[in-house]
Amino acid sequence: MFAAENGLKGDPRLEAISAAIRVVPYFPKKGIMFQDITTLLLDHKAFKHTIDIFVDRYRDMQISVVAGVEARGFLLGPSIALAIGAKFIPLRKPGKLPGKVISESYELEYGHDRLEMHVDTVEPGERVIIIDDLVATGGTLSAAISLMESQGAEVVECACVIGLPEVKGQHKLKGKPLYVLVEPSELDEFC
């Protein structure tokens, strides 16, 4: 579900967020229009709008865990977690966490990867939101859902700043709701 379809239609914050995201054509390979949120981070007002919208959505949902997908989920998740009184759990790429981990493999639009988390970070029954910057195929979010559920957590929703109008991998999200702020930006000269 897009934020504009959930009470925020015409909200100028969404336009500011969308305008602050840079598009990098052909990165990391030809055919990909990379949505770069580092420029969103440079615009303190648009970045605050991003965090505020997510906080407003999750503040009263009794969320106890915000799980952020490496690496851009790490830029969003801690601020949201602090504001709603939840803990933050980083979901990392292979080999980045010390100690005992569990992992889940997944497919990307342009390759394969794996997410890992510590086994003792989430308790059975905890209510979780999973945050990332963008959803395209749903593979990364699906792996994150599997990690959380393997430990007995309840994934309430997945949230992304950017999402395709029709997420190709919505079926991969195991019936979990998806909340997205804006659609991908495009460059006219590359379309």
Margin query: Only one of F34, F54, F27, F47 is of a type in the set (F, W, Y) and in a loop (DSSP other than H, G, I, E, B). Can you tell me which?
Written below: F27
Item checked: Residue list for the range 30-43, restricted to those being under 17 Å from L134 (Cα atoms) and either in contact (Cβ under 8 Å) with a residue 40 or more places away in the chain or in contact with a helix residue (DSSP H, G or I) (Cβ under 7 Å, 6 or more places away or on another chain) (or both) -> I32, M33, Q35, I37, T39, L40, L41
Next item on the list: Keeping to the range 64-85, report how many residues are part of a helix (DSSP H, G or I) and either of a type outside the set (S, T, N, Q) or free of Cβ contacts under 8 Å to residues at least 24 places away in the same chain (or both).
Entry: 12
Check: Among (1) hydrophobic (A, V, I, L, M, F, W, C); (2) modelled with pLDDT of 95 or more; (3) surrounded by fewer than 20 Cβ atoms within 10 Å (Cβ to Cβ), which single condition is L164 missing?
Finding: (2)
Margin query: So if I check each of A4, A67, A83, A71, which one is open to solvent by less than 30 Å² (accessible area, probe 1.4 Å) and within 23 Å of P177 (Cα to Cα)?
Written below: A67
Check: When you look at D60, is it farther than 29 Å from F27 by Cβ and acidic (D, E), yes or no?
Finding: yes
Next item on the list: Consider F88 carefully, then state whether it is closer than 13 Å to I130 by Cα, open to solvent by 50 Å² or more (accessible area, probe 1.4 Å) and either out of contact with any Asp or Glu (no Cβ under 9 Å at 6 or more places or on another chain) or not in a loop (DSSP other than H, G, I, E, B) (or both).
Entry: yes
Next item on the list: Inspect all residues belonging to the range 94-101 and state whether any of them is assigned to a loop (DSSP other than H, G, I, E, B), surrounded by 12 or more Cβ atoms within 10 Å (Cβ to Cβ) and touching a Leu at 6+ places or on another chain (Cβ under 9 Å).
Entry: yes
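Name the residue that is modelled with the lowest pLDDT, counting only residues in the range 112-146 that are assigned to a strand (DSSP E or B), in contact with a Leu (Cβ under 8 Å, 6 or more places away or on another chain) and open to solvent by less than 40 Å² (accessible area, probe 1.4 Å).
V135
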Notebook entry, point to check: Only one residue in E109, E183, E154 is open to solvent by 40 Å² or more (accessible area, probe 1.4 Å), touching a helix residue (DSSP H, G or I) at 6+ places or on another chain (Cβ under 9 Å) and modelled with pLDDT of 95 or more, so which one is that?
Noted result: E154
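The values are calculated or read from the model by the stated rules, or taken from the named source; none is laboratory data. Note that the structure is a prediction, hence the values are computed from the model and not measured. Every residue, glycine as well, gets a Cβ built from its backbone with ideal geometry; the counts of neighbours run over all protein chains shown. Side chains included, ligands, DNA and RNA excluded: accessible areas come from the protein's heavy atoms. Shrake-Rupley method; radii C 1.70, N 1.55, O 1.52, S 1.80 Å.
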